[in-house]
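A.B. asks: So that we are looking at the same thing, I have put the structure below in structure tokens.
Just so you know, all these numbers are worked out from the coordinates, no wet-lab data involved. The model shown is predicted, which means the values in this text are computed figures rather than measured ones. Ideal geometry is used to build each Cβ from the backbone, glycine not excepted, and the neighbour counts take in all protein chains shown.
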Amino acid sequence: MKPECCILFLHHRNDELTRRHFRLLQEQNPAPVIAIYANQREHLPEAVDVGPLGDVWRNADLAFLNWFRRRPFDAERYLWLEYDTFASLPVRDCYEAVWDRDAVAAKVIELQPHADWCWFAERNLLPPDLRASMAGLSPLCGILLSHRALCALANTAALPPVFSELRLGTVLRAAGFELSALPPERAATIDWNPAAIAFNPAVPGVYHPVKH
């Protein structure tokens, strides 16, 4: 029987913060939690190497896709998390309102009203047939994808050489998938900027980034 969710935990070090966040995910969730890393020297001992990615910062999505292409099992959906995610409640509780959607992120970035989003400046790196579908899923950490959405990404012949958040939103929308945002109260705890979230360890939630 397929697990209803598989949590993929991308990391690049084996320090106390990484180990603590990984343990929290295991303790809070009945889902499999798979640690992955991209050819770095330092990593958790149980982690799976997904190979070199070049510029990992731009291409972190490829770490998750590389694992999926060689996955040892199927799940109904896959949650992408990073080492600086503090998750103190089951992820099903955090994502309940959008659990059955195909493509979920804290924020869906539309060209209107967000034409000033920095990664839309890479429009010319997209093939012409993808430009009408341009959209972003942000941040990369916290993205929840159905099995069929991840299959569509993994089977795309040539993923465009744009920043990961723009690549994912655009390719998935062009493939016909609806992009969904977390409810505002849940999205408020997930961002790329630590100053943009109100981290409160006394309130259960999924928080990112938490680096202390």
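A.B. asks: Could we say that L172 is surrounded by 19 or more Cβ atoms within 10 Å (Cβ to Cβ) and part of a helix (DSSP H, G or I) here?
C.D. replies: Yes; evaluated as a whole, the condition is true for this residue.
A.B. asks: Tell me which residues, restricted to region 59-85, are surrounded by fewer than 17 Cβ atoms within 10 Å (Cβ to Cβ) and in contact with a Lys or Arg (Cβ under 9 Å, 6 or more places away or on another chain).
C.D. replies: F73, D74, E76
A.B. asks: What is the number of the single condition among (1) surrounded by 15 or more Cβ atoms within 10 Å (Cβ to Cβ); (2) more than 28 Å from D84 (Cα to Cα) that H147 does not meet?
C.D. replies: H147 satisfies all of (1) surrounded by 15 or more Cβ atoms within 10 Å (Cβ to Cβ); (2) more than 28 Å from D84 (Cα to Cα) except (2).
A.B. asks: Condition check: among the β-branched types (V, I, T), in contact (Cβ under 8 Å) with a residue 12 or more places away in the chain, farther than 20 Å from K211 by Cβ and in a loop (DSSP other than H, G, I, E, B). Does V162 satisfy that? Talk me through it step by step, then tell me what you get.
C.D. replies: Details: among the β-branched types (V, I, T): yes; in contact (Cβ under 8 Å) with a residue 12 or more places away in the chain: yes; farther than 20 Å from K211 by Cβ: yes; in a loop (DSSP other than H, G, I, E, B): yes.
Considered against the rule, which asks whether it is among the β-branched types (V, I, T), in contact (Cβ under 8 Å) with a residue 12 or more places away in the chain, farther than 20 Å from K211 by Cβ and in a loop (DSSP other than H, G, I, E, B), V162 comes out as yes.
A.B. asks: Of everything in region 94-114 that's free of Cβ contacts under 8 Å to residues at least 60 places away in the same chain and of a type outside the set (A, V, I, L, M, F, W, C), which residue is surrounded by the fewest Cβ atoms within 10 Å (Cβ to Cβ)?
C.D. replies: Restricting to residues being free of Cβ contacts under 8 Å to residues at least 60 places away in the same chain and of a type outside the set (A, V, I, L, M, F, W, C), the top hit is Q112.
A.B. asks: Let me ask you something else. Can you work out which of the residues in region 188-201 that are out of contact with any strand residue (DSSP E or B) (no Cβ under 6 Å at 6 or more places or on another chain) and in contact (Cβ under 8 Å) with a residue 24 or more places away in the chain is surrounded by the most Cβ atoms within 10 Å (Cβ to Cβ)?
C.D. replies: Filtering region 188-201 for residues that are out of contact with any strand residue (DSSP E or B) (no Cβ under 6 Å at 6 or more places or on another chain) and in contact (Cβ under 8 Å) with a residue 24 or more places away in the chain, the one surrounded by the most Cβ atoms within 10 Å (Cβ to Cβ) comes out as D191.
A.B. asks: Name the residues in region 115-156 that are in a loop (DSSP other than H, G, I, E, B) and either touching a residue at least 12 places away in the same chain (Cβ under 8 Å) or within 22 Å of P3 (Cβ to Cβ) (or both), would you?
C.D. replies: W117, L126, P127, M134, P139, L140, C141, G142, I143, N155, T156 - these are the residues of region 115-156 that are in a loop (DSSP other than H, G, I, E, B) and either touching a residue at least 12 places away in the same chain (Cβ under 8 Å) or within 22 Å of P3 (Cβ to Cβ) (or both).
A.B. asks: If you take the residues in region 18-43 that are polar (S, T, N, Q) and in a loop (DSSP other than H, G, I, E, B), which one is nearest to the chain's Cα centre (by Cα)?
C.D. replies: Checked region 18-43; the qualifying residue nearest to the chain's Cα centre (by Cα) is N29.
A.B. asks: Could you tell me which numbered condition A154 fails, if it satisfies all but one of (1) surrounded by fewer than 19 Cβ atoms within 10 Å (Cβ to Cβ); (2) out of contact with any Lys or Arg (no Cβ under 8 Å at 6 or more places or on another chain); (3) farther than 24 Å from D93 by Cβ; (4) small (G, A, S)?
C.D. replies: (2) is the only condition that A154 fails.
A.B. asks: Now for a separate question. How about region 2-17: which of its residues are part of a loop (DSSP other than H, G, I, E, B) and either among the charged types (D, E, K, R) or crowded, with 22+ Cβ neighbours inside 10 Å (or both)?
C.D. replies: Listed by number, the residues that qualify are K2, E4, H11, R13, D15.
A.B. asks: Of the residues that sit in region 62-77 and are in contact with a helix residue (DSSP H, G or I) (Cβ under 6 Å, 6 or more places away or on another chain) and of a type outside the set (D, E, K, R), which one is nearest to P160 (Cα to Cα)?
C.D. replies: L65
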